[in-house]
Amino acid sequence: MAPRCTGGPPAFLPFLYPSLFLSKASRLGSSVTIRHHITETSTPDATSSSSRLNPSPDDYHITNFADKAKLKLFAGSGGRGCISFARDAYLPDGPPNGGDGGHGGSIYIQAAYGETSLHKLARRQFFRAPRGANGQGSSRSGRRGEDIIITVPVGTVVREISREDPEAEDELRRRAARTARRIAAAQSEQSENDPTARSAEDTHYDNPEIEKWVLYPGISSSQKRKIWVPDLPKREKILAQPPAPIQLDLSRPTRKPILLAAGALGGLGNPHFVSREIPRPLYATTGDKALSMEIELELKLLADVGLVGLPNAGKSTLTRALTNSRARVGAWAFTTLQPNIGTVVLDNHRGQPIVKSYHRQEPDETWEGDVDVRQRTNFTVADIPGLIEGAHLDRGLGIAFLRHVERAGVLAFVIDLSAGNAVEALKSLWNEVGLYAQMREEEAMDREREARIEYDLGVGADRSVAGWGLEWPIHAEYPSAPENQRGLHIAAKPWFVIGTKGDLPGAKENFKELREYLTKVSNGDEPHPSGIEGAWIKNCAAIPVSAIKGQGMERIVHWTVGLLDD
Ligand SMILES: Nc1nc2c(ncn2[C@@H]2O[C@H](COP(=O)(O)OP(=O)(O)OP(=O)(O)O)[C@@H](O)[C@H]2O)c(=O)[nH]1
Ligand SMILES: [Mg+2]
């Protein structure tokens, strides 16, 4: 028989079973000694040359991250009302005592600090609030379905994609059936002797309202046919369902959860239908059907400064030098594949700030206090994947990550001074950012146009659609910004340039040219590099640094704080 293992060199054995390959003396030593021995022999060079700002490619920290999620939400349906009668000693046929069904659970959303990613929500996808419990005898109402609160990071935008509201649809059907019944009644009066006319019993089963009733299980089918049920009672929803489409921009923590899908109403027990004529009703109502909707979440990280640069420019090294971040660094393009947020500490927490800075907390509709001016103790920096020319056409990693700098207070363009003309690099970066900003504005305009439905009430217009009495919707005209001012929501932000790799040859001349260009832009002698009219050109600065040596970091911090405080 052929041997199962061929006798080749045991390439992986020292790795898997190191103790077999150590000398007898070292095997007798402690486990600490063994580990030390292995590390030393495996990477002798990497440890000696790497540092925090020039780390080895595998020295980084990565967290799970997703900035988009599509969720399907199902509110809870209502529990059924109960048909029951009191029964006691000497009281065999007591009064009705069926309990009401419980209301279904609702789904809320809340933005909170501490959450940083949508990956958990994206993985879960479905959220189902429990249904209300059915009512019970002895007037015991069913339990309410528990509410669900979806917690998202601050900076999440919520958009409703679609909604299904079976109760609203049923209500329309019921209304149409009521109208049809009224017409049929009027017609039957005219043709009482017509043998082809349908009996009231037949129409009974066409009535969609019958679905809303629970009938006493003990009654026979012939009784069921004849049973008369009253008109459905008009009921108010406990929670008003927000109108479609829901659009929320949760750029601040929400104090109270915001309702997305309201739970359905529970059914009514049989005591609700007691009347002088019918003291023992053999019916109760079912609970309402639940609403479901599909929503889209988009996270736009809320950093104070967004770093924008070509791949390999040194953004991650700069983030490491400015903050405590352990962003991945490597001498190749697209080392960074997802955004990193680092925090620059301005206060050493010993009562003496390193840099004095104050920020204003603007009041909004949920905030009733005054404008809050606080001392800034830190600011955050977003390091995103590099942009290449044609990124707006989805080249490279595309522009998807630009949404994380869209809300930054300040944009910092990181340019490698050792890699070609810095002015050209800056122009190409601004060009991509400008095109992205225009695309976003067009998308927002399209959405607005879709949401702004108006009805044509012109004389002679055909106002009825399928007999529902609605008018044809017409999409309203939406006022758009002039062509050369599109994208201003990003171009109007304060910005500056960080010239990195200043330690490499040729950087000085390149930087000089860049500074001259920026002076011209600030003076208005050159147009803004994005070409957008009205863009920010107050004081376009360039700061030379060597991130790998940690030089020039204080100037960046001071300049950024100055722009943030402005
Ligand atoms: N000499 C020198 N090298 C630097 C400096 N800053 C970064 N580097 C090197 O440039 C290379 C790229 O640095 P990264 O920080 O990964 O660049 P990045 O812009 O984050 O790259 P992507 O994530 O791919 O977009 C690495 O080899 C760094 O060591 C610097 O100031 N001086
Ligand atoms: Mg990087």
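The values are calculated or read from the model by the stated rules, or taken from the named source; none is laboratory data. The structure displayed is predicted, hence computed values, not measured ones. For neighbour counting, all protein chains shown are included, and Cβ atoms are generated from backbone atoms with ideal geometry for every residue, glycine included.
Would you point out which residue out of LEU307, LEU265, LEU250, LEU299 is within 16 Å of ligand 1 (Cβ to nearest atom) and not small (Gly, Ala, Ser)? Don't jump to the end; show me each part of the working.
On the way: LEU265 fails: within 16 Å of ligand 1 (Cβ to nearest atom); LEU250 fails: within 16 Å of ligand 1 (Cβ to nearest atom); LEU299 fails: within 16 Å of ligand 1 (Cβ to nearest atom).
Result: LEU307 is the single residue among LEU307, LEU265, LEU250, LEU299 that is within 16 Å of ligand 1 (Cβ to nearest atom) and not small (Gly, Ala, Ser).
Taking the condition β-branched (Val, Ile, Thr) and buried (at least 20 other Cβ atoms within 10 Å of the Cβ), does ILE161 pass? Can you show your working first?
On the way: β-branched (Val, Ile, Thr): yes; buried (at least 20 other Cβ atoms within 10 Å of the Cβ): no.
The answer is no for ILE161.
Scan the stretch 281-340 for residues that are assigned to a loop (DSSP other than H, G, I, E, B), more than 11 Å from ligand 2 (Cβ to nearest atom) and charged (D, E, K, R) and report the count.
Within the stretch 281-340, residues that are assigned to a loop (DSSP other than H, G, I, E, B), more than 11 Å from ligand 2 (Cβ to nearest atom) and charged (D, E, K, R) number 5.
List the residue pairs whose Cβ atoms are under 6 Å apart, where the first residue sits in the stretch 330-345 and is assigned by TED's automatic domain parsing to the domain that holds ALA408, the second is more than 9 Å from ligand 2 (Cβ to nearest atom) and hydroxyl-bearing (Ser, Thr, Tyr), and the two are 6 or more positions apart or on different chains.
Close Cβ pairs (under 6 Å, with a partner that is more than 9 Å from ligand 2 (Cβ to nearest atom) and hydroxyl-bearing (Ser, Thr, Tyr)) amount to ASN340/SER325; ILE341/THR380; GLY342/THR323; GLY342/SER325; THR343/THR323; THR343/THR380; VAL344/THR323.
Can you name every residue in the stretch 230-243 that is under 22 Å from THR156 (Cβ atoms) and either outside the structural domain of GLY79 (by TED's automatic domain parsing) or exposed (fewer than 13 other Cβ atoms within 10 Å of the Cβ) (or both)?
Result: PRO243, single match.
In the stretch 300-324, what count of residues is obtained for those that are modelled with pLDDT under 85 and within 16 Å of LYS549 (Cα to Cα)? Show your work before the answer.
Our first condition is that a residue be modelled with pLDDT under 85; within the stretch 300-324, this holds for 300-303, 324.
Pick out the ones that are also within 16 Å of LYS549 (Cα to Cα) and you get 324.
So the answer is 1.
Does the stretch 209-229 hold any residues that are exposed (fewer than 13 other Cβ atoms within 10 Å of the Cβ) and not small (Gly, Ala, Ser), and which are they? Lay out the reasoning, then the answer.
Taking the stretch 209-229 as the starting set, the residues that turn out to be exposed (fewer than 13 other Cβ atoms within 10 Å of the Cβ) are 211, 217-218, 220-223, 225-226, 228.
Within the stretch 209-229, GLU211, PRO217, GLN223, ARG225, LYS226, TRP228 meet the criteria.
Output the strands (runs of 3 or more DSSP E) that fall wholly within the stretch 372-464 and possess 1 or more residues being modelled with pLDDT of 85 or more, or say none. Even if it seems obvious, please write down each step before you answer.
Working: elements: 372-375, 378-383, 410-416, 453-455.
Here the list reads 378-383, 410-416.
Wholly within the stretch 64-132, which strands (runs of 3 or more DSSP E) include no fewer than the required count, namely at least 3 residues that are not aliphatic (A, V, I, L, M)? Working first, answer last.
Details: elements: 68-74, 107-112, 126-128.
Those strands (runs of 3 or more DSSP E) span 68-74, 126-128.
When residues of the stretch 483-519 are filtered for being closer than 27 Å to ARG407 by Cα and in a helix (DSSP H, G or I), how many remain?
12
For the stretch 133-150, which residues satisfy the criterion of being part of a strand (DSSP E or B), within 18 Å of ALA86 (Cα to Cα) and of a type outside the set (Lys, Arg)? Don't jump to the end; show me each part of the working.
Within the stretch 133-150, the subset part of a strand (DSSP E or B) is 136, 140, 148-150.
Retained after the next criterion (residues that are within 18 Å of ALA86 (Cα to Cα)): 136, 140.
GLN136 - this is the single residue of the stretch 133-150 that is part of a strand (DSSP E or B), within 18 Å of ALA86 (Cα to Cα) and of a type outside the set (Lys, Arg).
Would you mind finding the one in THR151, THR116, THR156 that is of a type in the set (Ser, Thr, Tyr), at pLDDT 90 or above, surrounded by fewer than 17 Cβ atoms within 10 Å (Cβ to Cβ) and outside the structural domain of HIS404 (by TED's automatic domain parsing)? Steps first, answer last, please.
Numbers: THR116 fails: at pLDDT 90 or above; THR156 fails: surrounded by fewer than 17 Cβ atoms within 10 Å (Cβ to Cβ).
Exactly one residue qualifies, and that residue is THR151.
Just give me the residues in the stretch 544-558 being away from ligand 1 (no atom under 11 Å from the Cβ) and crowded, with 21+ Cβ neighbours inside 10 Å, in sequence order.
Once the filter is applied, which keeps residues that are away from ligand 1 (no atom under 11 Å from the Cβ) and crowded, with 21+ Cβ neighbours inside 10 Å, the stretch 544-558 yields only ILE556.
Take GLY314 and decide whether it is surrounded by fewer than 24 Cβ atoms within 10 Å (Cβ to Cβ), touching a residue at least 40 places away in the same chain (Cβ under 8 Å), within 11 Å of ligand 1 (Cβ to nearest atom) and among the small types (Gly, Ala, Ser). It would help to see each step written out before you state the result.
Numbers: surrounded by fewer than 24 Cβ atoms within 10 Å (Cβ to Cβ): no; touching a residue at least 40 places away in the same chain (Cβ under 8 Å): yes; within 11 Å of ligand 1 (Cβ to nearest atom): yes; among the small types (Gly, Ala, Ser): yes.
The answer is no for GLY314.
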